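What follows is one structure encoded as C-alpha cells, with my remarks underneath.
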Amino acid sequence: MEWLGLDEEVKWCFWEGLDEIVRQVPSAERLFIGGDFNGHIGSILGGYSKVHGGFGFGERNGGGTSLLDFTKAFGLVIANSSFLKREEHLVSFQNAVAKTQIDYLLLRRGDRVLCKDCKVIPGEILATQYRLLVMDVDIMLKRRKRSARGRPRIRWGALTKDKAQELEGRLSDMGVWRRSGDASIMWLTTTDYIREDARNVLGVSTGVSGGHKED
C-alpha cells in the first residue's frame, strides 16, 4: 500500500481492515504477514522488545510506531528485525536521495523459532528502487500415525509361484476371464472374485497392517 499523500482516515481504515482479517485467523494456525508498510521501526527497541528484535534500520517514525503497536496487539514479531545484518540486507527501498527499511515480514511470536533467517537480497529488484525481502522458515510436518489394528488383510506376501498357479486355476474354473458386458461391472465382479479366492488360497492377517495400503 502506498501511504504517501494519504490522509489519516485512509490509513486508519487500512489498519482496521487488517485488524479484522487477522482476528479471523484461528490462533492455532500459522500466520505470516508481509508488505510495504511505509513505516520506519528504527533500530532502538523503545518499549517494543517483545516484537522488535533490535536490528532495525534508521529512526522510528509514526508509521513504524503504528506497525509496532499492531504487531504487539496480536502477539506477533517482526522477523527482519530479529537478525543481525549488514545495512545492505536491511534496506528494502533505495533511491538517489534516500535508503530506508519499509518492508516487513511478521509471524506469531510463538512461531519465532521456526524463522531461521530474514533479510533483503540486494541484487534482486522487484520494482524500481525496491529490493526483495525473504524469510527462511523451517516447518516440520507431523506424519499421522497409522492405527496398528484394522480390518484383516489378504496375505499377499505369501504369494508364491505355486499359489499363483493355484489361484489362476480357481479363477479359470469359475469362468472369471470369460465374462462380458459393461466394463465397470466386469471389473468390479472380477476383483471381487480375485479377492475372495486370494483369501482362501493365501489366508488373511489378524488385522495388523503389513504395509499394503489396499488389497
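The values are calculated or read from the model by the stated rules, or taken from the named source; none is laboratory data. None of these values were measured; they are calculated from a predicted model. Neighbour counts run over all protein chains shown; Cβ positions are idealised from the backbone, glycine included. Ligands, DNA and RNA are excluded from the accessible area calculation, which covers all protein heavy atoms including side chains. Shrake-Rupley method; radii C 1.70, N 1.55, O 1.52, S 1.80 Å.
Looking only at segment 42-90, which residues are among the acidic types (Asp, Glu), under 27 Å from residue 123 (Cα atoms) and assigned to a helix (DSSP H, G or I)? Give the steps one after another, and end with the answer.
From segment 42-90, those among the acidic types (Asp, Glu) are 59, 69, 87-88; that's our starting set.
Then keep just the ones that are under 27 Å from residue 123 (Cα atoms); that gives 59, 87-88.
Within segment 42-90, 87, 88 qualify.
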*State the number of residues belonging to segment 28-52 that are free of Cβ contacts under 8 Å to residues at least 60 places away in the same chain and surrounded by fewer than 19 Cβ atoms within 10 Å (Cβ to Cβ).*
9
_Cβ-Cβ under 7 Å pairs, at least 6 apart or on other chains, segment 152-168 side within 9 Å of residue 198 (Cα to Cα) and without any contact (Cβ under 8 Å) to a residue 40 or more places away in the chain, far side assigned to a helix (DSSP H, G or I) and acidic (Asp, Glu)_ = 167/197
*The lone exception for residue 134 - which of (1) of a type in the set (Val, Ile, Thr); (2) open to solvent by 60 Å² or more (accessible area, probe 1.4 Å); (3) modelled with pLDDT of 70 or more it fails*: (2)
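Would it be correct to say that residue 83 is of a type in the set (Phe, Trp, Tyr), at pLDDT 90 or above and out of contact with any helix residue (DSSP H, G or I) (no Cβ under 7 Å at 6 or more places or on another chain)?
Against the criterion (of a type in the set (Phe, Trp, Tyr), at pLDDT 90 or above and out of contact with any helix residue (DSSP H, G or I) (no Cβ under 7 Å at 6 or more places or on another chain)), residue 83 qualifies.
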*asked:* On the basis of being surrounded by 15 or more Cβ atoms within 10 Å (Cβ to Cβ), within 19 Å of the chain's Cα centre (by Cα) and at negative phi, does residue 77 make the cut?
replied: yes
*With respect to the numbered conditions (1) modelled with pLDDT under 90; (2) of a type in the set (Lys, Arg); (3) in contact with an Asp or Glu (Cβ under 9 Å, 6 or more places away or on another chain), which one is the sole condition not fulfilled by residue 30?*
(1)
*What number of residues within segment 10-34 are part of a helix (DSSP H, G or I) and under 14 Å from the mean Cα position of the chain (by Cα)?*
0
*Search segment 91-117 for residues being assigned to a strand (DSSP E or B), closer than 22 Å to residue 22 by Cα and not charged (D, E, K, R), and hand back the single one that is most open to solvent (accessible area, probe 1.4 Å).*
105
*Check on residue 69, open to solvent by 20 Å² or more (accessible area, probe 1.4 Å), at pLDDT 90 or above and within 20 Å of residue 46 (Cβ to Cβ)*: yes
